[in-house]
Amino acid sequence: MEIDPFIFRLSIFILSIFVGYYVVWSVTPSLHTPLMSVTNAISSVIIVGAIIAGLAGGNDSVFNVSSIFGFLAIILAAVNIFGGFLVTQRMLAMYKKKKKDKK
Amino acid sequence: MISANLSAIFYLISGVLFILALRGLSSPETSRQGNFFGILGMIIAITVTFFSIGNFSTGLIFVLIFLIVGGSVGAFIAYRIPMTAMPELVAGFHSLVGLAAVFVAISAFLNPNAFNLGYPGNIKLGSLIEMSIGAAVGAITFSGSVIAFLKLQGIMSGSPITFKGQHPLNALILISIVVLIYLLCASQSSKLFWILLMVSFLIGFLLIIPIGGADMPVVISMLNSYSGWAAAGIGFTLENSALIITGALVGSSGAILSYIMCKGMNRSFFNVILGGFGASEQISSAQNKEQKPVKSGNADDAAFLMKNASSVIIVPGYGMAVAQAQHALREMVDTLKKSGIKVSYAIHPVAGRMPGHMNVLLAEANVPYDEVFELEEINNDFANADVAFVIGANDVTNPVAKTDPQSPIYGMPVLDVEKCKSVLFVKRSLSPGYAGIDNDLFYKENTLMLFADAKKMTEDITKNL
């Protein structure tokens, strides 16, 4: 008997939760805000679903109810991807060590 | 057009890159590289999606246009947003993830053929379950984040909104969501799908309104977690491993942050979520407020105390963010350091309105991160320090958390500020903090209250140094 592919996806999911658990505990508390903004950005990888939905119409019906929701989701996710990564970068650029000459 | 197997491998690679992005945040040195991995992972995921569809219809032009429109808006916000507004920004972004998840679920429900999920009215059962869970969690994330955003922005009052029968009502709605999902899967009725979305929006709204302003760190982390679970739900529907991995990562990340925040307040997660904290206590403390003697001083006194100190510990709180005093504070510290005074910063886990809020503000003001310490790292140093400079913090310094079992904040880890030889407390008035209780620290022998706006007071002290 074959195993349902769902089980494999479930395995990926469960194992990723554990990976996430250990990785996030090792994040230094001073970087918790960048952590939130970067998790925001990466969870917008949901845009792949939005792109599929947006392109589903084909040539004759680019805009139908389903693809319009796809397009809307693309805009929202794109705001998040660019906004999330750039604001994280901006924050991380500010974290500096003590300058040596001041010591 | 590339094969489904090849694209699945690329999605896996982008999932791994996302793990590395979070891994990078374990120290500030590696964090920038981590962010780069995240961006790379995103580029791979998006590119592979285009190639796997292969059918470059005219729709592609619109996809690219909308991508650029959204991207420019996002980039514009990212460059313009002041660091003090970071909690609002993160709450706003969460709402977008939630809404995007809802939209993707809607379009998958309306046009399941595009996703190989079956046909309208006959969607594969597994996919329909995954889709409706993703949509419901996404909707809760959206409306919850909108409320959190409004509260943080000050458009909506930060005080908890409670009413009779609130908890039974919420419980009822949550049960009805489960029932709706069951019925939806049994009947495939699109009417039920829309009702499910409406009810989920409603519960997101109801869940967040009873939670007060200073509990926002927990709320934001919790919504962070929800946005991850919503993404994972959609990931299962789309059979996309990048999305499943990311959803799991983000979900557990948000859950851990909520746990850390709750621990920082010594309150259980449910206690925070059920809300209403600070609403009842405020009344009682206002009634039995007795006049106790308070020593208050001006910038000159404060400057004198600090000039003669050999070590100073700064305790920033939300008030510093409100007054935008971080730059003025750094200037004051620079002046102190020039006279050879040792200065360090002590950050309580729940200081501010989101996890790590104070650290970002200090980093913005060019404070080196190796001068900034967490509660456990620095708490023993207060006894050896000469001056504690409390700016905009209150409850997190209240010694009553250690002494009075009756107090609502009893057991909460606090900074041992009172052990310092002298305490300077910058505050606008004697009013109690979020927990609605008086701070004993105000009335201690060695405390000098500086009643003023945090920024103005800090500037004045610098002038007097």
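The values are calculated or read from the model by the stated rules, or taken from the named source; none is laboratory data. Given the structure is predicted, the values throughout are model-derived calculations rather than measurements. Heads up: the accessible areas ignore ligands, DNA and RNA and are worked out on the full protein's heavy atoms, side chains in. Shrake-Rupley method; radii C 1.70, N 1.55, O 1.52, S 1.80 Å.
Ordering B:80, B:330 by accessible area with a probe of 1.4 Å, largest first, what comes out? Numbers along the way, then the final one.
Values: B:80 160, B:330 55 Å².
I get B:80, B:330, largest accessible area first.
I'd like the projected area of the range B:47-117, averaged over all directions, using the convex hull of its alpha carbons. Report it in nm² with one decimal.
Values: hull surface 24.0 nm².
The Cα convex hull of the range B:47-117, projected and averaged over all directions, gives 6.0 nm².
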Q.
Going through the cross-link list A:96/B:463; B:338/B:456; B:419/B:463; B:263/B:295, which pairs have a Cα-Cα distance over 24 Å in this structure?
A. A:96/B:463; B:419/B:463; B:263/B:295
Q: Can you tell me the equivalent ellipsoid semi-axes for the range B:158-273? Use √(5λ) from the Cα gyration tensor, largest first, whole Å.
A: 27, 22, 10
Q | Carbon/sulfur fraction of accessible area - the range B:82-194, other protein chains in place, 1.4 Å, % | A | 70 percent
Q | Descending principal axes extents, the range B:28-84, alpha-carbon based, whole Å | A | 43, 25, 9
Q. What is the set of long-range amide H partners of residue B:373 at a cut-off below 5 Å, with H atoms built 1.01 Å from backbone N?
A. B:345, B:346, B:347
**Q.** Average projection area in nm² (convex hull over Cα atoms of chain A, one quarter of hull surface)
**A.** 11.2 nm²
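What are the semi-axes of the equivalent ellipsoid for the range B:1-132, taken as the square roots of 5 times the Cα gyration tensor eigenvalues, largest first, in whole Å?
They are 30, 20, 17 Å, listed largest first.
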Q. Ratio of the protein assembly as shown's C-alpha Rg to 2.2 N^0.38 Å, to two decimals?
A. 1.03
Q: For the range B:459-465, take each phi angle, set θ = phi - 60°, evaluate the Karplus expression 6.51 cos²θ - 1.76 cosθ + 1.60, and give the result in whole Hz per residue in order, putting x for glycine and proline.
A: 5, 5, 4, 4, 4, 7, 6
Q.
For the protein assembly as shown, what does the accessible surface come to per residue with a 1.4 Å probe? Please give it in Å².
A. 40 Å²
**Q.** Karplus-derived 3J(HN,Hα), 6.51/-1.76/1.60, for each residue of the range B:377-389, Hz, glycine and proline x
**A.** 6, 10, 4, 6, 7, 4, 4, 9, 8, 8, 10, 10, 10
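With a 1.4 Å probe, how much accessible area is buried between chains B and A, both sides summed, in Å² to the nearest hundred? Please list the in-between numbers first.
Values: alone 22260 and 8810 Å², together 22740 Å².
Interface between B and A: roughly 8300 Å².
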Q. When only C-alpha pairs under 8 Å and at least 6 residues apart count, what is the relative contact order of chain B, in percent?
A. 14 percent
Q | DSSP-defined beta bridges in chain B - what % are antiparallel, rounded to 5 | A | 10 percent
Q: Return the percentage of antiparallel bridges among DSSP beta bridges fully within the protein assembly as shown, rounded to the nearest 5 %.
A: 10 percent
Q. Hey, what's the Kirkwood Rh for chain B if you take every pair of different alpha carbons, in angstrom?
A. 24.4 Å
